[in-house]
Structures are given as structure tokens and as C-alpha cells.
Amino acid sequence: LDFLARSSMPSKRTSKWIVITSTRGPTDNVKRLASHPDWTLVVVGEENTPEERILPDVHHLSLVTQAAMGFDSLEGLPRSSYSRKNAGYLYSIANGANWIYDTDDDIEFHGKGLDQFEYVTERTRGLRFTTPDWSNTTIQESMFNPYRHFGRPEMWPRGFPIEHIKNHDHKDGSYRLCRVQQPPAVQQAIVQNEPEVDAIYRIFHSERSYGLEENFSEYAPPVILAPGTYAPLNSRNTLFSRSAFFCLFLPTTVSSRVADIWRGYFMQALLHAAGETVSFVPVNAIRQNKAKNVIKDFNDEMYIFDKAGEIVQFIDEWMCKEASMEKCMIELAEKFAERGFWNDEDAKLVKHWVYDLQKIGYVFPALRKGSQSDYLIGEDKDVLSNCRRAHLSLVHDLSLNKTEPAVNRAVQKINNFGDLKDWCNQSSSEKSKNWLFPAPDQLAEATAKNKTLTDNYQTVAIISNNYQWSMGMGMLQRMYEANFAMLIFCGHYPKQGKYSEKKAFPDGMAGGDWSYPNLKRPINYIDLSNEEVQNGFFMYYCLTKVEEMNIQNVKGYVIFSDDATFNFWNPLNLDLLQG
């Protein structure tokens, strides 16, 4: 503290801080990070980091400076260690930070950049991922795969337990849409091009010359993970609010490929004990640097492959026996050491970390029991429920370049209308037998030249029903789904059981849909009670619920009822409200 008072560091000190480590001089990315007027950049040095401070407003923490800060949790850290970032966290907190953005020097902002995060502390809205309301739920059903949510179900992030990858899904019953909920304490944003995947994924999908070139759905909305659900969190592109600063500690007795993942699971157990949450937000950054040595990464990540599932199982069962968050943090650190997740040295460092935070006046959040019962869904007949059943399932099959033909989407259109042709062929009409379809590349190229149809690819279609859904959804799905950015069914959709997707019809609809094409699940839907819909008089309430989802980057919305045929090939001015 004395050091901080007499420090000759730059005078720039804002409420928002960025913390990175770097073994190089200022790169273009570092210069960009330093240029944000509302943010203060801290560069934490390691053994090979250049000592000179070239950028004027950057707080550079050399090894000498770190030693002079007087924090016990920094003593004995390896001179070249990713956990040196702990010095930057403590320095930022001591200098009045309310927000800390944890990142690396090879991250380049994309789209909204730092504005993609939400800087609120009282209330927010949107999707909430939760454990399905079934008996005997499994750990696999409590796991959230952010890449699946953002349109890449075949991908998984570094730190996802490999034993849960096969057959993993976000079940119908895992999402809720809430009008009001507490904002997350930690927000992880998605990085494209070179995302945070593990070495197993890289071995099978990266190219030797350029590595990975991965993209995600630009329409997927943010999502909060309720207590009792889990996902890997890394340190590449993550925002911490002040209530979560105590969770910033990076362990030092595991490799850098493991340290931030272990911190993420450690953090989620503690945040859940305080009733706090984490969230995932859409792409806001690009990483250009490909992995230098995938085999070395594989060896470094072996501990993740071996222990990640065990850690998730442990934190799901762990109940703190102490009366304060400070003591719970120390207890959990010791439990991690007992089970071999990290060594005793890290358990001791956590204890010093807690004392260091107390020394600089940090206030730990209070413990709060029963947070898994927050934001429950009421009875189907409830009117104006705060939270309601919803589901979202996206596949990233549209190019970010809107002028490129969307061949995969064309294939889906042809398959859908092929199903409709088979269905129509069973009728007395002969017309469908003469339907002919173009090749996928021909359809994709023709669509790319039609502005109305390409505008539809950036438009959300909402189909409403005046009563409970019971028939025709499979037909409507095939007519419209592939022609829009997203198709959302809105109306009363019955609650689905654990094994409903294995049945011919959704629960509550058996016998009502036998004469139509089957519904392909999962689907996107928002449940409105019959009492809310009022025989269709209040169906425009659907629009307010879709807006609450916070879907990203769409041009507009069209809403029509299930008994109308929408001629989507006719031009619409999406800058106007039209009926």
C-alpha cells in the first residue's frame, strides 16, 4: 500500500481496467488496448518482458515493481508464469477498479468490441440456461457448451469434460426467458478465427499452414448460466465485475493451459454460493495467432482431459461449511489440493490472496443459500410471468459475407421442400408430383442475387398461435425455417419431458399432428400461456418477448399467424412498422 501511494506510475486511473501479460514490446494490439480513453491498461511483466515502458498511459509492472508492491500472494511465484497476472489484478483493484477485462496481447477487437459486454449491476433481461426441471438430472445435462449456443454444435471449448462431449445437447427445458434477472458477475465473450478449443479439436480440424478459421452465428444472443450449471471459462476475453474480483486468482502449480480453466470451475462454485452467475456474450474479438505446437498443448492439457469431469462433479456436490465467503474460498482451495486438482502451494497462495484483498479494502460478497431456486417458472396459466419456458438452437450455416452463396442453407431448403413434396404426394392432388428442384449451388447463387431473400437471412420470423400448439408445426417449419435468420414459434407450447425428443410427437401434442409432416426438434420457441394470448387478441406480446431475447445483428422481425401463408419473397421495408 505504501508502494502504491508513492508509485510513479502514470496518472491515468479509470474505473475500468485491462490486465494482460506480455513478453514482447508493445504490439499493435497492445497499442489498441491502450488507446481506449475509458480504460486503463496494466501490462504484467515476466522474466523476458522488456523493462522499458514505451506507451505513456500504460501501467507496466516489472518483476521489480511486483516485488515492491508488498503482496504476500505474489512472493515465490515463478519468474515466468502466467499466474503473474495476479499482480495486475491486485494492482487494478487497489487503484479503484470496478471492472476488470482479462485478456491477452494477441486479441483483436471485432464488431462491438468492449461494448459487447453489459455494464450494469442491478437488473438485466434475456435467456437463462438452467438445469432441466426433471428428476435425476445428470452432470452432462448441467453442462453448457457456449459454442453450441452460438451455432457450432460440433465444437467444444478447452476445458469441457471429454467424457461429456458425445451426445451432449442443450435439452428442451434448459432455457428460460426472463424479463428481469440479476446481471452476471462474470461475462465471457466468444473469440472467432482461433477460438479457445482444446488440442484434440485442433489436431483434427486445424490446417498446418494457417491453423483454424472458425466463425459463429452472428445472431445468437447472450445467455446467463444459472447456479448449478457449468461451463469452461478461460482468461482470453473475460469481463469481471467488482463482485467477482475475489475469483480472479490464477493457480501456479498447473500449466498455463490448465490454470485459467481450473480457475473458472473454482470461480463458479464460489459465485454460486453467493447467488452470482456467469454469462456468455456474442463474438467481440478475433485471434489471428495459430497454435505454435499442438502436440505440446495436448500434453499440457492432459490434466484437463483427466480431471475436468471430476472437478465438475466435485463442485456440483460441494457445500461450504464456513460462515463467510473468505473462509469458503480458503476451504475450497484446500479441497482442491486434497483431491490433487492443484498442489498445496496454491492452497497457501489462495489464503495469502484473501488476506491481500482484505488488506486493500476489498469487500467479499455475502453467502446466499437457495440461489438455484431463483427465477422459477410459474404455472402455465400464470399471466405476465417474469420467467417462462423458451428454447434456442442455432446452426451457423450463413456466411458472414452476405454476397456469398449460402450453399448449406440451400441444401436445407431443398430437403425441407422435398419433405413437403412427399407429404403432398399422399393427397389426391397430382400437382406436387411435378415439382422439380434446382441443384443447391444453383439455388444458393440465385438467392444471393435477390435482395429480398438475402434480407430475410437477416430477419427473424415469428409464427404465433392463438391457442396451444397442437398441429402443423412441422409443415410451417419446412416452409419458413431455412428462409430466415431464425424461426421462432410463439404461443403455448406444452412442457416437454426428459425423453420427449425420442417420441414421434412432442409431449402434449400426440394424436394432434399425425396428418402433418413431423416436427424436427429442437425448435426455437417462446411459451406464452393461453391466458396471456387471450384467443389471439394479445399475440403481439410475442414481439416484446422476442425483443427480450436480445437477438443480435438482425435487420427486422416479421410476425404472422399459423393459419396465414406469408409470401416472404415480396419486398418489405424493415425500417417501418407495417401491417
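The values are calculated or read from the model by the stated rules, or taken from the named source; none is laboratory data. Just so it is clear, the model here is predicted, and its values are computed rather than measured. Neighbour counts run over all protein chains shown; Cβ positions are idealised from the backbone, glycine included. Calculation scope for accessible area: heavy atoms of the full protein, side chains included, ligands and nucleic acids excluded. Shrake-Rupley method; radii C 1.70, N 1.55, O 1.52, S 1.80 Å.
If I ask for residues that are touching a residue at least 12 places away in the same chain (Cβ under 8 Å) and under 23 Å from LEU572 (Cα atoms), which ones from segment 521-548 would you list?
Taking segment 521-548 and keeping what is touching a residue at least 12 places away in the same chain (Cβ under 8 Å), we get 521-533, 535-536, 539-543, 545-546, 548.
Scanning segment 521-548 gives MET539, TYR540, TYR541, CYS542, LEU543, LYS545, VAL546.
Can you tell me which of VAL383, VAL363 is in a loop (DSSP other than H, G, I, E, B) and modelled with pLDDT under 95? Walk me through how you get there before you give the answer.
On the way: VAL363 fails: modelled with pLDDT under 95.
So the residue among VAL383, VAL363 that is in a loop (DSSP other than H, G, I, E, B) and modelled with pLDDT under 95 is VAL383.
Kindly indicate whether ARG128 is at pLDDT 95 or above and in a strand (DSSP E or B). Before the answer, list the steps.
Numbers: at pLDDT 95 or above: yes; in a strand (DSSP E or B): yes.
Yes, satisfied.
Of everything in segment 156-180 that's within 13 Å of the chain's Cα centre (by Cα) and assigned to a loop (DSSP other than H, G, I, E, B), which residue is surrounded by the most Cβ atoms within 10 Å (Cβ to Cβ)?
This residue is TRP156.
Of LYS413, LYS451, LYS433, which residue is basic (Lys, Arg), touching a residue at least 24 places away in the same chain (Cβ under 8 Å), surrounded by fewer than 16 Cβ atoms within 10 Å (Cβ to Cβ) and out of contact with any strand residue (DSSP E or B) (no Cβ under 6 Å at 6 or more places or on another chain)? If you could, list the steps in order and put the result at the bottom.
Details: LYS413 fails: surrounded by fewer than 16 Cβ atoms within 10 Å (Cβ to Cβ); LYS433 fails: touching a residue at least 24 places away in the same chain (Cβ under 8 Å).
One residue alone meets the criteria, LYS451.
Could you figure out which of (1) in a helix (DSSP H, G or I); (2) within 15 Å of ASN465 (Cβ to Cβ) isn't true of GLU547?
(2)
Can you tell me which residue within segment 295-321, out of those that are crowded, with 18+ Cβ neighbours inside 10 Å and hydrophobic (A, V, I, L, M, F, W, C), is nearest to SER256 (Cα to Cα)?
ILE304
Residues are listed down the side, and each one gets a yes or a no for (1) over 25 Å from the mean Cα position of the chain (by Cα); (2) not in a helix (DSSP H, G or I):
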position	(1), (2)
LEU436	yes, yes
ASP455	yes, no
TYR467	yes, yes
MET479	yes, no
ALA482	no, no
ILE488	no, yes
TYR493	yes, yes
ARG521	no, yes
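Among the residues of segment 386-410 satisfying the criterion of being of a type in the set (A, V, I, L, M, F, W, C) and open to solvent by 20 Å² or more (accessible area, probe 1.4 Å), which is modelled with the lowest pLDDT? Don't jump to the end; show me each part of the working.
Let us first name the residues in segment 386-410 that are of a type in the set (A, V, I, L, M, F, W, C), namely 387, 390, 392, 394-395, 398, 400, 406-407, 410.
Imposing the further condition that a residue be open to solvent by 20 Å² or more (accessible area, probe 1.4 Å) reduces the set to 395, 398, 400, 407.
Numbers: VAL395: 90, LEU398: 87, LEU400: 79, VAL407: 95.
Per the criteria, the residue is LEU400.
Being among the aromatic types (Phe, Trp, Tyr) and either within 35 Å of the chain's Cα centre (by Cα) or under 25 Å from LEU398 (Cβ atoms) (or both) is the filter here, so list the residues in segment 413-434 that pass it.
First pass over segment 413-434, keeping only residues among the aromatic types (Phe, Trp, Tyr): 417, 423.
Within segment 413-434, PHE417 is the sole residue that qualifies.
When ASP575 is evaluated against the numbered criteria (1) modelled with pLDDT under 90; (2) over 28 Å from PRO282 (Cα atoms), which criterion, by number, is the only one it fails?
(2)
LEU63 - would you say it is farther than 17 Å from ASN237 by Cβ, open to solvent by less than 50 Å² (accessible area, probe 1.4 Å), hydrophobic (A, V, I, L, M, F, W, C) and in contact (Cβ under 8 Å) with a residue 24 or more places away in the chain?
Numbers: farther than 17 Å from ASN237 by Cβ: yes; open to solvent by less than 50 Å² (accessible area, probe 1.4 Å): yes; hydrophobic (A, V, I, L, M, F, W, C): yes; in contact (Cβ under 8 Å) with a residue 24 or more places away in the chain: no.
In short, no.
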